[in-house]
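**Student:** Have a look at the structure that comes next, please.
Only the coordinates and a few stated rules stand behind these numbers; no lab work does. All values derive from a computational prediction rather than experimental measurement. In this analysis, Cβ positions are derived from the backbone assuming ideal geometry, glycine residues included, and neighbour counts consider all displayed protein chains.
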Amino acid sequence: MKFIIEHLEKELYEWCLIEYQHISEIVGKNSTIFTNINKKNIKKLKKYGIVFEKSVSELKFNNLCVLSQYSKKALATNDKSRFEYFVFGGILGDNPSKKRTNILIRNLKKHNVKFETRSLRNKQMPADIAVYVAKKTLEGKKLSDFKFVDELEIELNENESVVLPFRYVVDNKKLIINEELVEYLRKRKEF
């Protein structure tokens with residue numbers, strides 16, 4: 001199983017790097033592929049996985065499954081034998097969603113790439129959390145067994161907090177979140 005992150009942001013923002021590093025930790029460097037990466041950023045990502053400047057739609061991979069919250073079919077454990085590559089859009093979602101993963105889907109269709117879609121339910125998750133849930137599901141856990149938290153409030157200091165309007169997962173009574181991301185949010189000067 002390989003996990004492909006199609007980078008859909010204009011830049012490789014610091015929060016992207018933090019998420020992408022976390023994805024690499026979750027599934028392993030050898031199972032992580034980054035696509036659609038600007039040439040100037042390839043070196044930054046090589047320590048976290050395999051990096052391509054081209055989009056996944058141009059790379060001729062077979063047995064693709066695109067994860068989209070709008071798919072009518074949910075990801076299941078038996079999908080690990082059906083697909084070799086699981087594709088995620090590397091985006092910070094908007095609230096409400098702008099459905100940018102559909103750009104990826106349109107590009108795959110335009111390049112005549114065969115793929116199917118699956119969902120991890122109908123709520124937006126950060127890319128690293130989506131990869132975590134997908135990996136655990138492919139390893140045998142049912143989506144119905146996960147406990148999810150929608151809208152996560154992060155305390156920045158004693159007077160301020162920020163609400164992240166995305167779905168996170170609690171696994172074995174532990175919130176799955178990248179602590180580096182929390183520190184990054186606390187150090188930011190503005191929101």
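**Student:** Please report, in whole Å, how far the alpha carbons of the chain spread along each principal axis, starting with the longest.
**Tutor:** 52, 41, 30
**Student:** For segment 1-70, state which chymotrypsin sites (Phe, Trp or Tyr not before Pro) are in a DSSP loop and have at most 15 other beta carbons lying within 10 Å of their beta carbon.
**Tutor:** On the way: sites: F3, Y13, W15, Y20, F34, Y48, F52, F61, Y70; in loops: Y13, Y48, F52, F61, Y70.
Filter output for segment 1-70: Y13, Y70.
**Student:** I would also like to ask the following. Sum up the charges of everything whose Cβ sits under 12 Å from the Cβ of K73, counting Lys and Arg as +1 and Asp and Glu as -1, but leave K73 out. The partial results should precede the final answer.
**Tutor:** Values: positive: K72, R82, R118, R121; negative: D79, E116.
Net charge in that neighbourhood comes out at +2.
**Student:** Taking a ≥ b ≥ c as the square roots of the Cα gyration tensor eigenvalues, with a/c under 1.5 meaning rounded and otherwise prolate when a/b beats b/c, else oblate, which class fits segment 1-103? Each step should come with its number before you reach the end.
**Tutor:** On the way: a/c = 1.59, a/b = 1.20, b/c = 1.33.
Note, shape of segment 1-103 comes out oblate.
**Student:** Would you mind calculating the gained length between R188 and R121 on full extension (0.36 nm times residue separation, minus the Cα-Cα distance), in nm to one decimal?
**Tutor:** On the way: separation 67, 0.36 × 67 = 24.12 nm, distance 3.09 nm.
So the extension gain works out to 21.0 nm.
**Student:** Roughly what would the spin-label model give for V170 and K110, points 7 Å off Cα along C-beta, in nm?
**Tutor:** 4.3 nm
**Student:** For segment 9-80, what does the relative contact order come out to in percent, with C-alpha contacts under 8 Å and a separation of six or more?
**Tutor:** Over segment 9-80, the number comes to 24 percent.
**Student:** Given a Förster radius of 22 Å and the C-beta distance between E11 and I50 as r, what FRET efficiency does 1/(1 + (r/R0)^6) yield to the nearest 0.05?
**Tutor:** Working: r = 21 Å, r/R0 = 0.95.
Once the sixth-power term is evaluated, E becomes 0.60.
**Student:** Could you give the length gained on full extension between E139 and E58, defined as 0.36 nm per residue of separation minus the Cα-Cα distance, in nm?
**Tutor:** Details: separation 81, 0.36 × 81 = 29.16 nm, distance 2.88 nm.
My answer for the length gained is 26.3 nm.
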